[in-house]
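I have placed the structure first, in the form of structure tokens, so that the comments after it can refer back to it.
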Amino acid sequence: MIKAVMVMNTQGKTRLAKFYEYLPVEKQQELLRGVFAVLCSRAENVSNFIDAESIFGPDSRLVYKHFATLYFVFVFDSSENELAVLDLIQVFVETLDRCFKNVCELDVVFNYSKVHTILDEMIFGGQVVETSSSEIMKAVEEISKLEAASNAITLIPKSASGWRSR
Amino acid sequence: MGSQGGFYQSKEFLDLVKSIGEARSKAEEDRIVLSEIETLKRRISEPDIPKRKMKEYILRLVYIEMLGHDASFGYIHAVKMTHDDSLLVKRTGYLAVTLFLNEDHDLIILIVNTIQKDLKSDNYLVVCAALNAVCKLINEETIPAVLPQVVELLGHPKEAVRKKAIMALHRFYQKSPSSVSHLISNFRKRLCDNDPGVMGATLCPFFDLIAQDVNSYKDLVISFVSILKQVAERRLSKAYDYHQMPAPFIQIKLLKILALLGSGDKQASETMYTVVGDIFRKRDSSSNIGNAVLYECICCVSSIYPNTKLLDSAADAISRFLKSDSHNLKYMGIDALGRLIKISPEIAEQHQLAVIDCLEDPNDTLKRKTFELLYKMTKSTNVEVIVDRMIDYMISINDNHYKTEIASRCVELAEQFAPSNQWFIQTMNKVFEHAGDLVNIKVAHNLMRLIAEGFGEDGDNADSKLRSSAVESYLHILGEPKLPSVFLQVICWVLGEYGTADGMFSASDVTGKLCDVAEACSSNETVKAYAVTALMKIYAFEIAAGRKVDMLPECQSLMEELLASHSTDLQQRAYELQAVIGLDVHAVECIMPPDASCEDIEVDQGFSFLDGYIQEAIEKGAQPYIPESERSGLLNMGKFRNQDHHESSHGLRFEAYELPMPAVQSRIPQALIPSTEMVPVPEPMYPRETDQTPVSPIPSNPSNAGSAELKLRLDEVQQKWGRPTYTPETSTSNSTSQKSVNGASAVNSTREAYASRKPQVEISHEKQKLAASLFGGSSKPEKRPATGHKVSKASSHMVEKSHVPNSSMEVAPEKAAPAQPPPDLLDLGEPTATSTAPSLDPFKQLEGLLDTTQDALAANSATTASRSPDVMALLYADTPIGIHNKDDADLLSGLSNPSVTHMAGATARSRLSQSSSKGSNPKDSLEKDALVRQMGVNPSSQNPNMFKDLLG
């Protein structure tokens, strides 16, 4: 299963952190720092896999991918395949790109909850549920639409009922 | 920019993010966040906050917590938001609670009800949000509250909901398997879902379920195989393609499941061969995901019942991985190789160069993976090179976690495969020197025992050589600063025990060093204690030898200091030392017999010296002791106890009363006699019983139990001491170590050791056969050194002495030479050997090895025989074998070049002497050892200059 998904920039600022097993905030920070320490000391053009047992305990692997100013990091156990997870990161980033049209770090920062929505459509309780970025997009768009609608609805009835009661 | 996502963000939030982004230091960031927390605390508790505003506050809280600050003051507001009717607000609330809370948080109880309601919602997005929260927030106790709804959702019209419901159920299974054990049939039903996505999702729980219990799912093999077949044949809609691969993630999951199901099951495996073969054939190694599927196929092939054709395909795929430029693929290739060599070890030979490349790669991940592979393929033939490499790497890294791991692996390999005891000691020295504080203390004890016991088979002479070489190396090492405490303990012990034994070093030399150790470690009492005891031993041996003891001044001052030490242990040792020095020769000989660390201290298990006293007591009317085994009541009691344990789960109460019961039971039948105190209340009996136990032993009986106990302990010791392999062989050819330990147990433990080693013995017979056939039949000279290795592996533990007849018997009579080429890394010598003398008959080569007068040839062969140049050559020859041959030839021609010949010949000779003497001639190897140490390199690199040049 997937243990954690992290997005951090090249300065070590966390942009997104999602742990599928509960960890206290301090522990999360420690892990994020640990991961960044490893990532920033890595040379270019080396493999995307890191032995993460010293950070995350036994049976944990880490796969990361570097896009522009962001590191996308997935931590998982032996039930996943490293190369496949690398592609999962690809799917995630492709989806973000579709969603934000040329995604950049700021999009991730400011549309924090939307990134979470996308991730939730891909990974559910630590298991990969969807790997097609168009499917994910469809779901996310539907959610946005409904959310916007429900927002409008909740606003209108209030005023409407207020107006009616008047 | 912010509005692009369609979510409303206020200026304040933008400012916050921006100012945090611009913060120069962590302190500045913290200040900003803290002030933000203050603001939020104030705002969030204001009455009548508009929902939209509230939503933003919560998101800001999430953001703050992601940065590592405490946002717990807002948790309750997040919980409240989940109750909201608006989807947007509700989803934000769920997002926040899943990030904030864990399943055991107090607030969960407030959410369960909402979740229950939302799971029944008409809006599938609400259901999805609730399911998401279920995964994260429901614990074992609350599972029953939501389980019915989740199960119902398995039949939901929306496939997204079905998928998530399956995942939620899977999550329940992970948290508490018993709570959903009755619902597993639902997974099977969903496996036949119309939607491939839902089917794919069920594979996740199936993977877990099958990993737990393979046999219950064997019936599904056919289904999985047919699903995989359909997927691979592109029967799914195009929508499931990813980078032109048909549903690769589903393929990967299926292959993982098949690997589990087919493991060790020939029948199940046979149904898989076709489809796995198809996937191999359809491989798309241009894309990353294609390689992921390919890798999974290799894993599957190496796990299921082996099939030659598939293994070939897998080997082929691995070689593509290893030849690739991508580090990722190399990594996967090394990993896959590690899996496949368990089934077909010979495949590693094809990839030696690639493996060596990976070992030299600057990429740490790849390096470690390669070390893992080497660890898996270590045998007695290549252990020296591999362990040397590991130690070099261990020295070069700072990561303590990995250092510990690699140190323990070195120790394990050295214990298991050590070719000679000198090598073992030197390896241990290195491990201790560089990772001493990280290794287990048991390792140190093992090392001491090895030095004390020796291997036994070469007689006392070899043992004492071993010891003096250890002493010499330790005296040398002591000059280095900052040795780890564990290592110092070993050094002190060995110096005390054997420091002056061979007369090479005078007592004052050794004691001086020991005093230095004690002074340098003034804060470490254990080391000090070791040092003092070592001093005592040395002085005792001096006295026993009839020499006059002159205490060095520094030693005297040390004693004075210790006599007044705060540590009672040190003080006692110091006083003992003082007392021993004052005694005469005979007394000292009794107290401290030289070289007696292996002698059994005879423990009188039966307390026979008390016999008279017991007799007296019995005559006076005391109860005779009845050994536990003969107490008739005991057996029944045991049964009782078992029944109790089975029948009632509250065993605690029974155990509390049990102890005294046997005493009562045993006494009643045996000694019904008089005794007014025979009240069946156990308590008063108990102390009496304990009192009597030591007083009335019947010698024959307890000694049985005693020796059994003793035996057990010894067996354990033998097992722990990682070379039980030696035991069987040595015990047949008079084992001193065994004998000295325990006569009776030796037989027993031998048998046990035989039993435990049996598989290995068989394997090595196979190897021998293989080796012999390769050697005789193969026209490819490449295989020649492999033969040598295989043979020497076969005889690996047959001790060096028996090496010669053994191998010659196995291979060929001409080859009766002890000039076995020393082991190579991964049999790496092979390609080199080919190129060395491609036209040469392998037999001749070996003869050449023998004949030192044929200088050039000897030089060549010796070069091949010595692994270091090989590795060197290989290191530089990262080209495929064909080209590599040329490189190698260059190196060799360089060696036989007249100007170099002399040197090469010399090294060859020295190497020959080394290889011929390996173990069997301890004197030579010791000399070589000393020489090597003088040159400051380890024995595996016989030619330091070459090493330096090539390694840089």
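The values are calculated or read from the model by the stated rules, or taken from the named source; none is laboratory data. Note that the structure is a prediction, hence the values are computed from the model and not measured. Glycine also receives a Cβ, built like all others from the backbone with ideal geometry; neighbour counts cover every protein chain displayed. Side chains included, ligands, DNA and RNA excluded: accessible areas come from the protein's heavy atoms. Shrake-Rupley method; radii C 1.70, N 1.55, O 1.52, S 1.80 Å.
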Exercise. Would you check which residues across region B:280-296 are open to solvent by less than 40 Å² (accessible area, probe 1.4 Å), within 14 Å of chain A (Cβ to nearest Cβ) and assigned to a helix (DSSP H, G or I) and list them?
Key: B:289, B:290, B:291, B:292, B:293, B:294, B:295, B:296
Self-check item: The lone exception for residue B:104 - which of (1) modelled with pLDDT under 90; (2) surrounded by 14 or more Cβ atoms within 10 Å (Cβ to Cβ) it fails
Solution: (2)
Self-check item: Any chance residue B:107 is more than 10 Å from every other protein chain (Cβ to nearest Cβ), touching a residue at least 12 places away in the same chain (Cβ under 8 Å) and within 20 Å of residue A:21 (Cα to Cα)
Solution: yes
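Among the charged types (D, E, K, R), modelled with pLDDT of 90 or more and open to solvent by 10 Å² or more (accessible area, probe 1.4 Å): which single residue out of B:376, B:309, B:367, B:323 fits that description?
On the way: B:376 fails: modelled with pLDDT of 90 or more; B:367 fails: modelled with pLDDT of 90 or more; B:323 fails: modelled with pLDDT of 90 or more.
Step by step, each of B:376, B:309, B:367, B:323 is checked, and only B:309 is among the charged types (D, E, K, R), modelled with pLDDT of 90 or more and open to solvent by 10 Å² or more (accessible area, probe 1.4 Å).
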Quiz item: Restricting attention to region B:72-81, does a residue exist that is within 12 Å of chain A (Cβ to nearest Cβ), under 21 Å from residue A:15 (Cα atoms) and in contact with a strand residue (DSSP E or B) (Cβ under 7 Å, 6 or more places away or on another chain)?
Solution: no
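In region B:223-242, which residue that is within 14 Å of chain A (Cβ to nearest Cβ) and in a helix (DSSP H, G or I) is modelled with the highest pLDDT? Give the derivation first.
Here is the first cut: in region B:223-242, the ones within 14 Å of chain A (Cβ to nearest Cβ) are B:231, B:236-242.
If we keep only those that are in a helix (DSSP H, G or I) too, we end up with B:231, B:238-240.
Numbers: B:231: 92, B:238: 85, B:239: 84, B:240: 85.
Restricting to residues being within 14 Å of chain A (Cβ to nearest Cβ) and in a helix (DSSP H, G or I), the top hit is B:231.
Could you check how many residues of region B:243-266 are within 13 Å of chain A (Cβ to nearest Cβ) and either surrounded by 15 or more Cβ atoms within 10 Å (Cβ to Cβ) or in a helix (DSSP H, G or I) (or both)? Give the derivation first.
Step one: list which residues in region B:243-266 are within 13 Å of chain A (Cβ to nearest Cβ), which gives B:243-257, B:259-260.
Subset that is either surrounded by 15 or more Cβ atoms within 10 Å (Cβ to Cβ) or in a helix (DSSP H, G or I) (or both): B:245-257, B:259-260.
Summing the residues that are within 13 Å of chain A (Cβ to nearest Cβ) and either surrounded by 15 or more Cβ atoms within 10 Å (Cβ to Cβ) or in a helix (DSSP H, G or I) (or both) in region B:243-266 gives 15.
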Quiz item: Taking region B:26-82 as the region of interest, how many residues are among the polar types (S, T, N, Q), farther than 16 Å from residue B:97 by Cα and part of a helix (DSSP H, G or I)?
Solution: 2
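Would you say residue B:398 is without any contact (Cβ under 8 Å) to a residue 12 or more places away in the chain, open to solvent by 40 Å² or more (accessible area, probe 1.4 Å) and not aliphatic (A, V, I, L, M)? So that I can check it myself, show each step before the final result.
On the way: without any contact (Cβ under 8 Å) to a residue 12 or more places away in the chain: yes; open to solvent by 40 Å² or more (accessible area, probe 1.4 Å): yes; not aliphatic (A, V, I, L, M): yes.
Spelling it out, residue B:398 is indeed without any contact (Cβ under 8 Å) to a residue 12 or more places away in the chain, open to solvent by 40 Å² or more (accessible area, probe 1.4 Å) and not aliphatic (A, V, I, L, M).
Among the helices (runs of 4 or more DSSP H) contained in region A:44-154, which hold 2 or more residues that are aromatic (Phe, Trp, Tyr)?
Numbers: elements: A:53-56, A:82-100, A:105-110, A:112-122.
Per the criteria, A:82-100.
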Exercise. Scan (1) within 25 Å of residue A:23 (Cα to Cα); (2) within 13 Å of chain A (Cβ to nearest Cβ) for the single condition residue B:85 breaks and write down its number.
Key: (1)
Exercise. Considering each of A:16, A:31 in turn, give the residue that is more than 9 Å from every other protein chain (Cβ to nearest Cβ), open to solvent by less than 30 Å² (accessible area, probe 1.4 Å) and outside any loop (DSSP other than H, G, I, E, B).
Key: A:31
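So which helices (runs of 4 or more DSSP H) are wholly in region B:458-572 and hold at least 3 residues that are surrounded by fewer than 22 Cβ atoms within 10 Å (Cβ to Cβ)? Give the derivation first.
Numbers: elements: B:459-477, B:485-498, B:507-520, B:525-544, B:553-563.
Output list reads B:459-477, B:507-520, B:525-544, B:553-563.
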Practice problem: Determine which single condition residue B:164 fails, assuming it passes every other condition in (1) out of contact with any strand residue (DSSP E or B) (no Cβ under 6 Å at 6 or more places or on another chain); (2) assigned to a helix (DSSP H, G or I). | Solution: (1)
Practice problem: Give the number of residues within region A:75-106 that are in contact with a strand residue (DSSP E or B) (Cβ under 9 Å, 6 or more places away or on another chain), buried (at least 23 other Cβ atoms within 10 Å of the Cβ) and more than 10 Å from chain B (Cβ to nearest Cβ). | Solution: 3
Quiz prompt | Check on residue B:67, closer than 26 Å to residue A:139 by Cα, open to solvent by 10 Å² or more (accessible area, probe 1.4 Å) and at the interface with chain A (Cβ under 9 Å from one of its Cβ atoms) | solution = no
Quiz item: Of everything in region B:22-54 that's at the interface with chain A (Cβ under 9 Å from one of its Cβ atoms) and more than 21 Å from residue A:25 (Cβ to Cβ), which residue is least open to solvent (accessible area, probe 1.4 Å)?
Solution: B:51
Self-check item: Test set (1) more than 24 Å from residue B:87 (Cα to Cα); (2) under 13 Å from the mean Cα position of the chain (by Cα); (3) at the interface with chain B (Cβ under 8 Å from one of its Cβ atoms); (4) of a type in the set (Val, Ile, Thr) - residue A:109 fails condition number
Solution: (1)
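Got at least one residue in region B:318-330 being under 21 Å from residue A:50 (Cα atoms), under 24 Å from the mean Cα position of the chain (by Cα) and either in contact (Cβ under 8 Å) with a residue 40 or more places away in the chain or within 13 Å of chain A (Cβ to nearest Cβ) (or both)? So that I can check it myself, show each step before the final result.
First pass over region B:318-330, keeping only residues under 21 Å from residue A:50 (Cα atoms): B:318, B:321-330.
Retained after the next criterion (residues that are under 24 Å from the mean Cα position of the chain (by Cα)): B:330.
This time we only want the ones that are either in contact (Cβ under 8 Å) with a residue 40 or more places away in the chain or within 13 Å of chain A (Cβ to nearest Cβ) (or both), so: B:330.
Scanning region B:318-330 turns up at least one residue that is under 21 Å from residue A:50 (Cα atoms), under 24 Å from the mean Cα position of the chain (by Cα) and either in contact (Cβ under 8 Å) with a residue 40 or more places away in the chain or within 13 Å of chain A (Cβ to nearest Cβ) (or both).
Taking the stated definitions as given, is residue B:453 at pLDDT 80 or above and open to solvent by 30 Å² or more (accessible area, probe 1.4 Å)?
Values: at pLDDT 80 or above: no; open to solvent by 30 Å² or more (accessible area, probe 1.4 Å): yes.
For residue B:453, the condition - at pLDDT 80 or above and open to solvent by 30 Å² or more (accessible area, probe 1.4 Å) - is not met.
Kindly indicate whether any position in region B:118-130 is open to solvent by 40 Å² or more (accessible area, probe 1.4 Å) and either away from chain A (no Cβ under 11 Å) or modelled with pLDDT of 90 or more (or both). Full working, then the answer.
Taking region B:118-130 and keeping what is open to solvent by 40 Å² or more (accessible area, probe 1.4 Å), we get B:120, B:122-123.
Filter again for either away from chain A (no Cβ under 11 Å) or modelled with pLDDT of 90 or more (or both), leaving B:120, B:122.
Yes, the conditions are met somewhere in region B:118-130.
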Exercise. Would you please name the residue that is farthest from the other protein chains (Cβ to nearest Cβ), looking only at residues in region B:179-222 that are within 26 Å of residue B:270 (Cβ to Cβ) and among the charged types (D, E, K, R)?
Key: B:219
Quiz item: For region A:112-148, which residues satisfy the criterion of being polar (S, T, N, Q) and either over 30 Å from residue A:78 (Cβ atoms) or within 8 Å of chain B (Cβ to nearest Cβ) (or both)?
Solution: A:113, A:117, A:127, A:131, A:132, A:134, A:144
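Suppose the filter is facing chain B (nearest Cβ under 8 Å), closer than 20 Å to residue B:328 by Cβ and hydrophobic (A, V, I, L, M, F, W, C); does residue A:5 pass it?
So residue A:5 fails the test.
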Practice problem: Please find, within region B:349-358, the residue that is surrounded by the most Cβ atoms within 10 Å (Cβ to Cβ) out of those that are of a type in the set (A, V, I, L, M, F, W, C) and farther than 16 Å from residue A:50 by Cα. | Solution: B:355
Quiz item: How many residues does region B:605-638 contain that are charged (D, E, K, R), assigned to a loop (DSSP other than H, G, I, E, B) and at pLDDT 80 or above?
Solution: 1
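Kindly establish whether residue B:398 is in contact with a Pro (Cβ under 6 Å, 6 or more places away or on another chain) and either more than 10 Å from chain A (Cβ to nearest Cβ) or not hydroxyl-bearing (Ser, Thr, Tyr) (or both). Quick ask: steps written out before the conclusion?
Details: in contact with a Pro (Cβ under 6 Å, 6 or more places away or on another chain): no; either more than 10 Å from chain A (Cβ to nearest Cβ) or not hydroxyl-bearing (Ser, Thr, Tyr) (or both): yes.
No.
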Self-check item: Residue, nearest to residue B:179 (Cα to Cα), within region B:194-242, restricted to residues that are open to solvent by less than 60 Å² (accessible area, probe 1.4 Å) and of a type in the set (Asp, Glu)
Solution: B:208
